[in-house]
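The values are calculated or read from the model by the stated rules, or taken from the named source; none is laboratory data. These numbers were taken from a predicted model, which means no experiment stands behind them. Neighbour counts run over all protein chains shown; Cβ positions are idealised from the backbone, glycine included.
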RNA sequence: GACCCCAUCGUCUAGCCUGGUCUAGGACAAGAGCUUUUCAAGCUCUCGACACGGGUUCAAAUCCCGUUGGGGUCGCCA
C-alpha cells in the first residue's frame, strides 16, 4: 500500500535508472555507472530502475542480458523496477505521431520519422560539471523512428526517462553530446527536463579507452578471476569518488550515507589493477574464513581437488586460514594451496632445479626418524624437532627449510613451513620426504652435472689464469676485457654493493658447497 | 576538422566552490629497512605532483583569460 502512495507523491521522490544494452557484457564502466545510480537511490531513499535498451533486435542477445543481470546481482545492486524497450515500441510510435501532428517532425521517403531541430542555444546544467552550452544549429535533424519502425536511442531514451519519471540522469561522460539532442525533444514534447550528471570515463592503463587489450573489461571476468564483489565495488567507487577522511577500504553502508553527486570527480580515471589487487587482498584478509571457504569450494571442485558429492568443509577451513593472509585473489588460493589437496606434488621448474642442486638424503632421513617420534604432530612439536635436527647437523635452519618446503609443496614459497607440515599431517609429510629422497636417488645425473660444472669452472679458471699470466708478461696493466674476465669479476665482487646479485644466485652460492 | 569535456605525485585521490592554516595530505605502485624458515603480510622510512603562460590580489593549487596536452561526440549503434 505504501507503494501506491510513493507514486502519488512521487514528484519529490528521486528516481534514477541504469540503462544497459544487452549487446555485450556488463563492463567496468557500465558497472560504475550503475553503482553511482544505485548509491544515489539508496542515499536519497529513491528508486533504482533498470531499463533494458534492447531496441537493436539484431544485436541484443538473451545471454548478454542474463550476464548483465547476474553481474549486477553479484555486485549486490538490487533494482526496484525493470523495463524493456523492445516491449514499448508502440509507445514511442505514439509520441512520434504526436510530433508529426504538431508539425515538429516529418516523414522521410523510407518511412522514417524525423524531428526538425531548430536554431537555438541549449543550456544544460550538469550537477557535476556545471553549465554547458550548445548551439542547436550544429545538430542535425534527428531520426526518431527508423525505417524498420524501431526507435532511435535518443528518442526512446527521452520518452522513457520522461514516462518513467526519472528525476536524475546519471550516465557516462560520452553522453554529454547526446544531451542537447535529448533536451530539444523533452521541450518539444512538453516534458520536464531531468537533472543530468555526467560521470567521468574510466580509461585503460594506456590512457585510452578501456579495452580488452589493457586488461579484463567484463565484470564476469573479474568474478572468474577470483575478486570479491565487495572489493570490486569498493574499487569502482574510488574511481571518481572519495569517501573522505583518507579512507580507502570503506563499507558500502557507510558510503551510502556519504554519497553526494556534487562530490563526484570531473576528470577521467585510469583503471589500476594493482590497487584492485591490493583492495581485494584487504577484503580477503578481513573476510570470515568460513565464508571464504564457501566461495572457494566450487573452485576446488572445478580443479578436481575435492569431490562434489563428498568433501570435508572442516578440513578446508584451516587451509583457508593458513593462506588467507597472503593471497590477493581466490584464484591465488587454488594455485598456491594445490599441494594440500593433491598428493601428486607438482614441482615448479625453479623449485625442481633448486631441489636437485643438493642431495640431502641423509638429512631427510634424520628428519624422518625424528618426526616419527612425535606423537602429537602439531606445529610447535614439529618446529622443536626440526630445530633439534638442524642443530645436530650443524646447519642453518634455512638450509633445511627450503628443501623441505619444496619436497612438500613443490614450491619455493608458501606459508610458514611448520604450520604447513602440521596441516598436511604426519603421514603425508613422511610420504613426501621419502619421495623426495627417491628423487635424488633417481637423478644421479644431477650430481654428475654438479661435478661437470665444477670442473668446467676450474678448467676455465686455470685457463684464464694461464692466459692472464701470458698476457701480463706481454702487456702492461690495462686489462683485457674478455667475457671470461667479466664473469670472474662477477664472482669476485660478491661483497660489493654495486653488483646486483639476485637472491636466487645468492642462495645457490651459499648452498653450493 | 567542428563542437563539447577535462587537467594535483607513475596511478587513484584530498585540498579548489567559501583565496592565506599547502615548504600540497592519504592510498596503490616503486625503493630501503625491520621482522623472518621462503614468499607475502605487517610496521617504519624514502622517492614523487599543483601542465604552461598571462592576469586579479597584500596573498592563487584555489578566481579569470589564453596556450598546450588528453579525452569524448559527430550513425536510421546504444
Filter result for the condition that a residue is away from RNA strand B (no atom under 16 Å from the Cβ), part of a helix (DSSP H, G or I) and surrounded by 13 or more Cβ atoms within 10 Å (Cβ to Cβ), over A:300, A:367:
A:300
Mind listing just one residue for me: the one in region A:332-351 that is in a helix (DSSP H, G or I), in contact with a helix residue (DSSP H, G or I) (Cβ under 8 Å, 6 or more places away or on another chain) and more than 14 Å from RNA strand B (Cβ to nearest atom) and, of those, farthest from residue A:311 (Cα to Cα)?
A:334
Tell me which residues, restricted to region A:114-139, are more than 7 Å from RNA strand B (Cβ to nearest atom) and not in a strand (DSSP E or B).
A:116, A:117, A:118, A:119, A:120, A:127, A:128, A:136, A:137, A:139
Where in region A:193-293 are the helices (runs of 4 or more DSSP H), entirely inside, with at least 1 residues that are more than 13 Å from RNA strand B (Cβ to nearest atom)?
A:219-224, A:229-238, A:252-258
Given the condition over 25 Å from the mean Cα position of the chain (by Cα), assigned to a loop (DSSP other than H, G, I, E, B) and either free of Cβ contacts under 8 Å to residues at least 40 places away in the same chain or under 28 Å from residue A:253 (Cβ atoms) (or both), answer yes or no: does some residue in region A:17-25 qualify?
no
Test residue A:322 against the stated conditions and say whether it is part of a helix (DSSP H, G or I), under 30 Å from residue A:344 (Cβ atoms) and away from RNA strand B (no atom under 14 Å from the Cβ).
no
Check whether at least one residue in region A:148-166 is out of contact with any helix residue (DSSP H, G or I) (no Cβ under 9 Å at 6 or more places or on another chain), away from RNA strand B (no atom under 13 Å from the Cβ), under 24 Å from residue A:13 (Cα atoms) and not assigned by TED's automatic domain parsing to the domain that holds residue A:265, and report yes or no.
yes
I need every pair where a residue in region A:383-400 that is surrounded by 15 or more Cβ atoms within 10 Å (Cβ to Cβ) has its Cβ under 8 Å from the Cβ of a residue that is outside any helix (DSSP H, G or I), sequence separation at least 6 or different chains.
A:385/A:374; A:390/A:396; A:400/A:360
All but one of (1) within 11 Å of RNA strand B (Cβ to nearest atom); (2) farther than 21 Å from residue A:173 by Cα; (3) surrounded by 16 or more Cβ atoms within 10 Å (Cβ to Cβ) hold for residue A:108; which doesn't?
(3)
Search result, residues across region A:167-192 that are at negative phi, more than 9 Å from RNA strand B (Cβ to nearest atom) and without any contact (Cβ under 8 Å) to a residue 40 or more places away in the chain:
A:182, A:186, A:187, A:191, A:192
Requiring at least 3 residues that are over 24 Å from residue A:188 (Cβ atoms), the strands (runs of 3 or more DSSP E) wholly within region A:46-113 are A:47-52, A:81-84
Of the conditions (1) out of contact with any strand residue (DSSP E or B) (no Cβ under 7 Å at 6 or more places or on another chain); (2) closer than 25 Å to residue A:211 by Cβ, residue A:270 clears all except one; give me its number.
(1)
For residue A:372, indicate whether it is part of a helix (DSSP H, G or I), outside the structural domain of residue A:275 (by TED's automatic domain parsing) and surrounded by fewer than 19 Cβ atoms within 10 Å (Cβ to Cβ).
yes
Pick out the one residue from A:205, A:192 that is at pLDDT below 95 and not assigned by TED's automatic domain parsing to the domain that holds residue A:258.
A:205
